[in-house]
Amino acid sequence: RVTPESVSFSFGTVLLDLLSGKHIPPSHALEMIRGKNISLLMDSHLEGNFSTEEATVVFDLASQCLQYEPRERPNTKDLVATLAPLQTKPDVPSYQMLGIPKHEEAPTTPPRTLSPMGDACSRVDLTAIHQILVMTHYKDDEGTNELSFQEWTQQMRDMLEARKRGDLAFRDKDFRTAIDCYSQFVDVGTMISPTVYARRSLCHLMCDQPDAALRDAMQAQCVYPDWSTAFYMQAVALAKLDMHKDAVDMLNEAATLEDKKRPK
């Protein structure tokens, strides 16, 4: 049933897709954009071609459109009133704006060699992903946490013990126990670990919970925005949700991030 409020919600998802360059499931959209740095959310292809102030206005508008309560979403007149002042440039064809000759196709991207993680995620091989995450352990968490002496309290020890129990369950493929232990670690909130989110994401996939897996993979990205593993895990979750085009886009984004970090 189409209503003005549902149209506003749909428009918000389109705005977010245009700004970020990828499809973000509407149920996770507000979680992704709330309080985040605009430059991290923007499509990298738009770098240098937008005003931060204008992008902030559009992100705020998308956020309003995606509000859970329909009555809190802007109406069509409000949308037009917000966007009209931003339309300062004349309309130009997209191929001209992107610098592509009119009768030529954009150059194709040469095939890339995927890493073991990329290959496992492209095949949605959960067993292989599990082996890689066990071997990687917490190597990618270095530098993501700085704790003061005062924070080493009994609560901290309990939290680290919960993570340790989660790691043992994860290693032994007791994925439901691992979810419970990692959740205890996450819920305290004193220490944020992208690896824990990635591991819990895989646990959710092993338990046939792709929605929860996607949320955790997105949280890992929020903690560590350039971490290819977070993008790879999102790709697998999207594939499990039958969002195959988005999964391929996310897989390519992960491989690009991985290529940038490889020694030349």
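At-a-glance table
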{"read-out": "Wholly enclosed helices (runs of 4 or more DSSP H) of region 1-49 bearing at least 3 residues surrounded by 14 or more Cβ atoms within 10 Å (Cβ to Cβ) and either aliphatic (A, V, I, L, M) or modelled with pLDDT of 75 or more (or both)", "value": "4-20, 26-33"}
{"read-out": "Answer residue from region 220-232, given it is open to solvent by 10 Å² or more (accessible area, probe 1.4 Å) and assigned to a helix (DSSP H, G or I) and is nearest to H130 (Cα to Cα) among those", "value": "T229"}
{"read-out": "Within region 178-219, tally of residues that are among the hydrophobic types (A, V, I, L, M, F, W, C), open to solvent by 10 Å² or more (accessible area, probe 1.4 Å), within 16 Å of A162 (Cα to Cα) and touching a residue at least 24 places away in the same chain (Cβ under 8 Å)", "value": "4"}
{"read-out": "Index of the failed condition, E72 passing every other in (1) at pLDDT below 90; (2) surrounded by fewer than 16 Cβ atoms within 10 Å (Cβ to Cβ)", "value": "(1)"}
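Yes/no matrix, rows are residues, columns are (1) modelled with pLDDT of 90 or more; (2) part of a helix (DSSP H, G or I); (3) within 23 Å of the chain's Cα centre (by Cα); (4) on the phi > 0 side of the Ramachandran plot:
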| site | (1), (2), (3), (4) |
| --- | --- |
| E146 | no, no, no, no |
| M156 | no, yes, no, no |
| S183 | yes, yes, yes, no |
| T195 | yes, yes, yes, no |
| A198 | yes, yes, yes, no |
| D211 | yes, yes, yes, no |
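The values are calculated or read from the model by the stated rules, or taken from the named source; none is laboratory data. Only a predicted model underlies this, so the values are computations on that prediction, with no experimental measurement involved. As a convention, Cβ positions derive from the backbone with ideal geometry for all residues, glycine included, and neighbour counts pool all protein chains shown. Ligands, DNA and RNA are stripped out before the accessible areas are found, and what is left, the full protein with its side chains, is counted by its heavy atoms. Shrake-Rupley method; radii C 1.70, N 1.55, O 1.52, S 1.80 Å.
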